[in-house]
Amino acid sequence: MNFRSLKYFIWTIKNRKSLKNWKIRNFLPPSPDSIKHQVLINNNYSDSLWIETGTYYGETTKLLSKISKKTISIEADKELFETSKKKLKNLKNVELFNGKSEDLLDKLISENFDFKNICIYLDAHLCQDHLKNIQTFGSEDTATPILKELEIIKKYYGKFEKINVLIDDIRLFYGNFQNYPDKNILVDWCKENNFSWEIEHDIFICKKK
Ligand SMILES: C[S@@+](CC[C@H](N)C(=O)[O-])C[C@H]1O[C@@H](n2cnc3c(N)ncnc32)[C@H](O)[C@@H]1O
């Protein structure tokens, strides 16, 4: 077995349960994390800064640290933040912040203008903690800070050569779930702010034109 086949074999074994469940769900969204991670990898830029909102247990943060020069992640829930801080303490290019992304994002972007390219993964929202079986930070009527996050990001269009904004869980953006806006609002944001857009595996991807 050559190195590529071995890597593929290990990947399949590691992800067999989630891939099997996905097949049982007729490959409907959401795609398994391993597939979503590949979308992030495919939308990375060299020597980029990644900012993730919603660290949760730090699994995606770990992945982003491997493909970025620096990864920043913001988590509002104090306990999740502390857990991830311990778990990721050996990753030297990772900076974790405890607070609401809509309060911290502006400052964190503006402190990093020395990066040519920035990729932002917007994934902060109320969700079910799969280990503790309780709800994470947030409430139904303020479940996602997405509109506030986008208001912040648009101010920095001219500050980076390349900007990718990846918004997770686009299946929830139909305008009638919690405070999620309809996906047309995201499309309008892209048109107004000179971004192209596409959807891959439940992730809405905006690219600076
Ligand atoms: C779906 S999880 C994030 C998953 C993580 N990005 C990953 O890929 O593994 C959403 C997280 O966002 C956090 N959260 C909710 N509202 C937030 C806010 N306004 N600012 C920052 N984090 C928030 C929740 O506590 C939860 O941990």
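Could you grab me the full set of residues in the stretch 41-61 that are within 9 Å of the ligand (Cβ to nearest atom) and of a type outside the set (Asp, Glu)? Before the answer, list the steps.
Step one: filter the stretch 41-61 for residues within 9 Å of the ligand (Cβ to nearest atom), giving 52-61.
THR53, GLY54, THR55, TYR56, TYR57, GLY58, THR60, THR61, listed by residue number.
Residue check, LYS191 against (1) at negative phi; (2) open to solvent by less than 50 Å² (accessible area, probe 1.4 Å), all met but one. Which one?
Among (1) at negative phi; (2) open to solvent by less than 50 Å² (accessible area, probe 1.4 Å), LYS191 violates only (2).
Quick one: in the stretch 136-145, which of the residues that are assigned to a loop (DSSP other than H, G, I, E, B) and surrounded by 14 or more Cβ atoms within 10 Å (Cβ to Cβ) is modelled with the lowest pLDDT? Write out each step before concluding.
Here is the first cut: in the stretch 136-145, the ones assigned to a loop (DSSP other than H, G, I, E, B) are 136-139, 143-145.
Now narrow it down to the ones that are surrounded by 14 or more Cβ atoms within 10 Å (Cβ to Cβ): 136-138, 143-145.
On the way: THR136: 94, PHE137: 94, GLY138: 90, ALA143: 97, THR144: 98, PRO145: 98.
If we take residues in the stretch 136-145 being assigned to a loop (DSSP other than H, G, I, E, B) and surrounded by 14 or more Cβ atoms within 10 Å (Cβ to Cβ), then GLY138 is modelled with the lowest pLDDT.
What pairs come out if I take residues in the stretch 36-60 that are open to solvent by 10 Å² or more (accessible area, probe 1.4 Å) and pair them with residues that are of a type in the set (Lys, Arg) and within 11 Å of the ligand (Cβ to nearest atom) whose C-beta lies under 9 Å away, six or more apart or interchain?
Pairs found: THR60/LYS36.
Can you name every residue in the stretch 48-65 that is in a helix (DSSP H, G or I) and of a type in the set (Asp, Glu)?
Within the stretch 48-65, the first condition is being in a helix (DSSP H, G or I), and the residues that meet it are 59-65.
Hit for the stretch 48-65 is GLU59, nothing else.
Restricting to the stretch 11-26, give me the number of residues that are of a type outside the set (D, E, K, R) and surrounded by fewer than 11 Cβ atoms within 10 Å (Cβ to Cβ).
Result for the stretch 11-26: 4.
Would you tally the residues in the stretch 146-194 being out of contact with any Cys (no Cβ under 6 Å at 6 or more places or on another chain), in a helix (DSSP H, G or I) and within 23 Å of ILE109 (Cβ to Cβ)?
Final tally of qualifying residues: 20.
Listed here are the residues, each with its yes/no results for (1) β-branched (Val, Ile, Thr); (2) within 13 Å of the ligand (Cβ to nearest atom); (3) under 23 Å from ASN43 (Cα atoms).
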{"residue": "GLU95", "(1), (2), (3)": "no, no, yes"}
{"residue": "ASN98", "(1), (2), (3)": "no, yes, no"}
{"residue": "ASP103", "(1), (2), (3)": "no, yes, no"}
{"residue": "LEU108", "(1), (2), (3)": "no, yes, yes"}
{"residue": "PHE113", "(1), (2), (3)": "no, no, yes"}
{"residue": "LYS116", "(1), (2), (3)": "no, no, yes"}
{"residue": "SER139", "(1), (2), (3)": "no, yes, no"}
{"residue": "LYS154", "(1), (2), (3)": "no, no, yes"}
{"residue": "LEU172", "(1), (2), (3)": "no, yes, yes"}
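The values are calculated or read from the model by the stated rules, or taken from the named source; none is laboratory data. Quick caveat, the model's predicted, so the values are computed rather than measured. Methodologically, a virtual Cβ is constructed for each residue, glycine included, from the backbone with ideal geometry; neighbour enumeration extends over all protein chains shown. The accessibility values were calculated without ligands, DNA or RNA, using every heavy atom of the protein model including side chains. Shrake-Rupley method; radii C 1.70, N 1.55, O 1.52, S 1.80 Å.
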